[in-house]
1. For Tyr270, which sequence-distant residues (separation of 5 or more, or a different chain) have an amide H within less than 5 Å of its own amide H, given hydrogens modelled in the peptide plane?
2. What net charge is computed for the residues neighbouring Phe85, neighbours being all others with C-beta under 11 Å from the C-beta of Phe85, Lys and Arg scored +1, Asp and Glu -1?
3. For the stretch 1-141, report the accessible area per residue in Å² (1.4 Å probe, heavy atoms, rounded to an integer).
4. Within the chain, what percent of beta bridges assigned by DSSP are antiparallel, to the nearest 5?
5. In nanometres, what is the gap between the two model label sites at Leu118 and His300, each 7 Å from Cα along Cα-to-Cβ?
6. Suppose we flag GluC sites (Glu not before Pro) only when DSSP calls them loop and at most 16 other Cβ atoms lie within 10 Å. Which is the longest uninterrupted stretch of the chain?
7. Have a look at Asn194, Asn79, Asn60 and tell me which one the Gaussian network model of the chain (Cα, springs below 10 Å) gives the largest fluctuation.
8. Over the chain, with a Gaussian network built from C-alpha contacts below 10 Å, which listed residue (Thr111, Thr239, Thr31) shows the highest mean-square fluctuation?
Amino acid sequence: MCTSVSFNGNHHYFGRNLDLDYTFNQEVVITPRNVVFELRNGQTLSSHFAMIGMAVISDNYPLYFDATNEKGLSIAGLNYPKNAFYQPDEKTEKSIASFELIPYVLSQCTTIDEVKSLLDDLIITDVAFSPEFPSSPLHWIIADKHAAITVESDRDGLHVYDNPVGVLTNNPPFPTQLFNLNNYRHLSAKTSANFFAPQLDLDAYSNGMGAIGLPGDLSSMSRFVRATFTKEHSLKFQTVEEDINQFFHILSSVWQTKGLCDVGEEHYEYTIYSSCCDTDTGIYYYKTYNNSQISAVSLHHEDLDASDLIHYPLATKTSIHSVN
């Protein structure tokens, strides 16, 4: 399970938590403009926008979990089990395998309006990348600095929803997640007056009582509520560095600790990495479960006209700064 957030501060930031019980040995991967994408429908994308994000490289192909292109458009794929439905293979211009959606969108779009046009009549197919990487049941959040959308391929077709909160988790479908926020409209960052029984002397015995009822469990619906509440009430600061730090704190509000989510056979789902891409600068920041130090990779420090993938292994070992 996962959580993704789009956030505007001094710059626009986009990132996610990847929550799984196993790792793919993913890396930060830069795809320069001249890396060739051979789509399964027979089309070729030979020249396109450069992109950076977290991916697994297989057969020289970047299987992105999340990515941002050089124009500041971002996308993340999140687990959507039992709901995602992909169509049988159709080799038409409007048929794209699910694993191709991220590079397909980022290679040629700069804004959400352009994405909406590209997705019109699109068919997402169940073509697997390889036997080792079968189709994953996903839905996607796509964002620029002005807007966000959620894309879900269900049995009744492809749905593109405006996402006014800029947050996505997992099941249930996005309209249900958004409607569920109505159940928490009473929550506040401030402690409220005594509306329960004004004639009683009910004490505000602690700070933070305005958020009593905010769900604290790890389910995807609860994480959606908590991440949205946290994002909507998060302060914005004077510097980019403070904003980046704040973005990671938003993600940490739904961080999963090893041992709390038992998925069976001594496996535990946990937050493998958290990412934050400054879409204005193309700098991709990340932290891993075993290394809370923020690391950064810059898209624009590389030759973006190259034709080969560029990748950076993750810094995964605990880094402790000693003052002695």
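The values are calculated or read from the model by the stated rules, or taken from the named source; none is laboratory data. Small disclaimer: the values here were computed from a predicted structure and weren't measured. FYI the Cβ positions are ideal-geometry reconstructions off the backbone, even for glycines, and counts take in every protein chain you see. Keep in mind that these areas ignore ligands, DNA and RNA; they rest on the heavy atoms of the full protein, side chains included. Shrake-Rupley method; radii C 1.70, N 1.55, O 1.52, S 1.80 Å.
1. So Tyr270 has HN proximity to Leu20, Asp21.
2. On the way: positive: Lys82, Arg155; negative: Asp126, Glu152, Asp154, Asp156.
It works out to a net charge of -2.
3. On the way: 5130 Å² over 141 residues.
Dividing the accessible area of the stretch 1-141 by its residue count gives 36 Å².
4. Details: 69 of 73 bridges.
If I count the DSSP bridges inside the chain, around 95 percent turn out antiparallel.
5. For the pair Leu118/His300, the computed spacing is 2.1 nm.
6. On the way: sites that count: Glu90, Glu93, Glu132, Glu265, Glu266, Glu302.
Longest stretch, sites excluded: 133-264.
7. Largest GNM mean-square fluctuation: Asn194.
8. Between Thr111, Thr239, Thr31, it is Thr239 that shows the largest mean-square fluctuation.
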